[in-house]
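Report on the following structure.
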Amino acid sequence: MPRRTGRIEPHEVVEVSLEPEVEEYPVTIMLSRDGYLKKMTDRVLKKATTLKYKDGDKPFIEFPSSNTHELLVFTNKSQVYKCKVATFEDTKSAQLGSYLPTDLEMEPDESVIWVIDPEDYKADVLFVFENGRVVRVALSGYVTKTNRKRLKNAIYGGSKLLYAQVLNTDRDIALVSSDYRLMNFNTSLLKTKTTTNTQGVQPLPPRRAARSPPSARPRKSLAPASRPRSSPRRASPQPVPS
């Protein structure tokens with residue numbers, strides 16, 4: 001039987017997506033200190049009087065998101081896990097939520113330190129570290145061509161991450177050090193970096209140890225110079241009277 005072929009015009013080609021269709025609706029993402037993530041709908045939040053947490057656990061981070069968005073989960077190993085909000089089930093007020101170290105298959109000694117919503121990856125993210133360093137990184141650095149779930153060396157690893165914020169617009173930031181020094185600046189002063197694990201700048205450098213005043217400095221004791229010992233003098237002979 002002869003083979004029959006036909007010609008198809010480019011405008012007649014129909015693209016079929018193999019990705020399952022994801023329903024779009026607003027959600028609120030909540031992260032607890034111990035790494036439990038709650039994905040709360042507006043309907044549940046309006047009805048809930050209290051939210052359930054494990055004994056000793058408490059709320060840590062909260063921000064608005066969408067069921068079609070992605071999340072970047074940063075850990076104490078300087079790694080980031082990329083996950084889709086739609087993969088998490090809607091959390092009820094009486095549920096703990098998803099335990100991220102288990103659900104994302106983290107290493108045994110790995111823990112969650114921060115979570116952000118990168119939205120369309122077109123903005124920047126601000127990182128503040130415990131040693132006083134601050135860095136502004138382009139979120140485009142976390143875009144991958146394949147569905148990679150974990151990225152290594154995702155943030156500066158020289159100090160603990162204390163704060164992260166997506167910068168859709170520039171904002172004023174106040175840093176307070178442990179020795180009660182204050183630094184105010186606008187994020188527009190920070191240059192955007194494309195390397196995700198860059199160390200950034202240090203607007204609050206460590207204070208140098210104060211030098212002791214001259215009166216308080218220990219003095220070296222100087223022993224008096226010893227005199228050279230002289231040999232005993234001999235008595236000169238006296239004339240004997242005749």
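Roughly how many nanometres apart are two label points built 7 Å out from the Cα toward the Cβ at Thr144 and Val201?
For the pair Thr144/Val201, the computed spacing is 3.2 nm.
Tyr36: net charge of surrounding residues, Cβ under 14 Å, Lys/Arg +1, Asp/Glu -1, itself excluded? Before the final figure, lay out the partial values.
Details: positive: Arg33, Lys38, Lys39, Lys52, Lys54, Lys58, Lys92; negative: Asp34, Asp55, Asp57, Glu62, Glu89, Asp103.
So the environment of Tyr36 carries a net charge of +1.
Taking the Cβ of Lys193 as the centre, find all other residues whose Cβ is under 13 Å away and add up their charges (Lys, Arg: +1; Asp, Glu: -1).
Values: positive: Arg133, Arg136, Lys191; negative: Asp124.
Result for the local shell: +2.
What shape does the stretch 112-187 take by its C-alpha gyration tensor, where a ≥ b ≥ c are the square roots of the eigenvalues and a/c under 1.5 counts as rounded, a/b above b/c as prolate, and the rest as oblate? Kindly include the intermediate steps, with their values, before the conclusion.
Working: a/c = 2.94, a/b = 1.61, b/c = 1.82.
Note, shape of the stretch 112-187 comes out oblate.
With θ taken as phi - 60° and the coefficients 6.51, -1.76 and 1.60, list the Karplus ³J(HN,Hα) couplings across the stretch 150-162 in order, rounded to whole Hz; mark glycine and proline as x.
Residue by residue, the stretch 150-162 yields 10, 10, 8, 6, 7, 9, 4, x, x, 7, 6, 6, 9 Hz.
Under 8 Å for C-alpha pairs, at least 6 residues apart: give me the relative contact order for the stretch 105-172, rounded to a whole percent. Can you show the working numbers first?
Numbers: 75 pairs, mean separation 28.4, N = 68.
Relative contact order here is 42 percent.
No value in this document is a laboratory result; all are computed from the given coordinates. None of these values were measured; they are calculated from a predicted model. As a convention, Cβ positions derive from the backbone with ideal geometry for all residues, glycine included, and neighbour counts pool all protein chains shown.
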